[in-house]
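Coordinate-derived values only; no laboratory data. Since the model is a prediction, treat every value here as computed from it, not as a measurement. For neighbour counting, all protein chains shown are included, and Cβ atoms are generated from backbone atoms with ideal geometry for every residue, glycine included.
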Amino acid sequence: MTKVQYLTINNDIKIAYSKLAGKEPGVIFCCGFMSDMMGAKATFLEKICQEKGLAFVRFDYRGHGQSSGKMETANISLWLADALAVFDNLTQGPQIVVGSSMGGWIATLMAIARPERVKKLIGIAAAPDFTEDLIWANLSKEMQNRLLQNEILYIPNEYSEQPHTIIPQLIEDGRKNLVLRAPIAIQCPVHLLHGMQDTDVPWQCSLQLAEKLQTADVKVTLIKDGEHRLSRESDLSLLAAALTD
């Protein structure tokens with residue numbers, strides 16, 4: 001496993017990353033909300049890229065994993081800025097961008113921002129617009145009012161003892177980055193993987209994303225018994241196939 005290094009941006013934020021040298025196209029992995037680059041999918045992709053001699057980068061957004069910053073002061077725009085800083089400073093040439101859950105939203109925004117270099121987009125339980133459609137829309141009126149009054153919500157997290165941290169700015173900023181409300185100007189090939197037993201991000205989200213993408217080269221793979229993480233051996237095999245097809 002490659003060692004952890006740090007990219008300093010804006011003179012104060014240290015973004016933790018792990019980089020593997022190799023040939024093009026390179027691969028960059030964007031993790032999910034409150035996840036990190038040490039997860040099963042990120043390390044699996046690193047192994048696959050090493051076997052195939054491909055360049056690879058995985059990283060932690062600010063407030064995540066080994067990066068500096070706090071969740072309570074971050075949002076989609078800042079996490080996108082982190083991802084683009086990694087993309088611009090640590091990768092060269094054409095890239096395959098892989099995004100898991102929230103990372104699927106970040107990866108979509110990256111493909112829009114860097115169309116000349118993103119040659120393929122892979123989504124794993126992609127969650128575009130999740131702040132609006134999966135968080136805000138499912139909050140009670142009382143919880144919505146608490147956010148409107150500038151309170152922070154802490155929602156139980158089934159994957160960790162650390163609760164999901166929902167700040168008002170996360171919702172407000174998310175609305176500036178919504179992608180499912182209009183056609184999405186992405187022309188590269190896209191492959192979306194989604195488990196039909198996903199209780200966090202409904203599999204219909206990948207169908208919505210596929211419908212909005214302007215590219216005609218879109219594949220959606222639904223895993224009937226797959227859950228949100230899609231980190232079983234069988235799921236990872238599908239991810240490897242999506243990377244190399």
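What is the Cα centroid distance between segment 139-191 and segment 202-223, reported in whole angstrom? Distance between centres, Cα-based: 20 Å. Restricting segment 138-245 to trypsin sites (Lys or Arg not before Pro) that sit in a DSSP loop and have at most 14 other Cβ atoms within 10 Å of their own Cβ leaves 175, 176, 181, 224.
Local charge for residue 100 was computed over the other residues whose Cβ lies under 15 Å away, with Lys and Arg +1 and Asp and Glu -1, and equals -3. Partner lysines whose Cα lies under 23 Å from the Cα of residue 47, excluding those fewer than 8 positions away in the same chain, are identified as 3, 19, 23, 119, 120.
The lysines within cross-link reach of residue 141, meaning a Cα-to-Cα straight distance under 28 Å and a gap of 8 or more places when in the same chain, are 70, 176. DSSP assigns beta bridges within the chain; of those with both partners inside it, close to 30 percent run antiparallel.
Within 10 Å of each candidate Cβ there may be at most 15 other Cβ atoms; applying that plus a DSSP loop requirement, which trypsin sites (Lys or Arg not before Pro) in segment 61-123 survive? All intermediate terms of the calculation are to be shown ahead of the outcome.
Numbers: sites: 62, 70, 117, 119, 120; in loops: 62, 70, 117.
In loop regions of segment 61-123 (DSSP not H, G, I, E or B), the sparsely surrounded trypsin sites (Lys or Arg not before Pro) are 70.
Take the chain, mark every one of the GluC sites (Glu not before Pro) that falls in a DSSP loop and has at most 15 other Cβ within 10 Å, then report the longest stretch left between them, sites excluded. That gives 1-115 as the longest site-free run.
Let me have the relative contact order for segment 58-122, percent, based on Cα pairs under 8 Å that are six or more residues apart.
On the way: 63 pairs, mean separation 17.4, N = 65.
Result for segment 58-122 is 27 percent.
Residue exposure proxy: 188, 205, 49, 30, ordered by other Cβ atoms within 10 angstrom of their Cβ from fewest to most, comes out as 188, 49, 205, 30. Hydrophobic long helices, here whole DSSP H runs in the chain with Kyte-Doolittle means of at least -1.0 and Cα atoms spread over 15 Å or more along the helix axis, are found at 40-52, 76-90, 102-113, 233-244.
Counting only DSSP beta bridges with both residues in segment 1-104, what percent are antiparallel, rounded to the nearest 5?
On the way: 9 of 18 bridges.
Here the share of antiparallel DSSP bridges comes out near 50 percent.
Pairs of Cα atoms nearer than 8 Å and 6+ residues apart set the relative contact order; for segment 141-245 it is 21 percent.
Computing FRET efficiency as 1/(1 + (r/R0)^6) for residue 144 and residue 185, where r is the C-beta to C-beta distance and R0 is 22 Å, gives about 0.10. By other beta-carbon atoms within 10 Å, ranking 105, 79, 136 with the fewest at the front produces 136, 79, 105. Between residue 21 and residue 88, the FRET efficiency from the beta-carbon distance, with R0 = 25 Å, is close to 0.90. For segment 93-145, the relative contact order works out to 39 percent when only alpha carbon pairs closer than 8 Å and six or more residues apart are counted.
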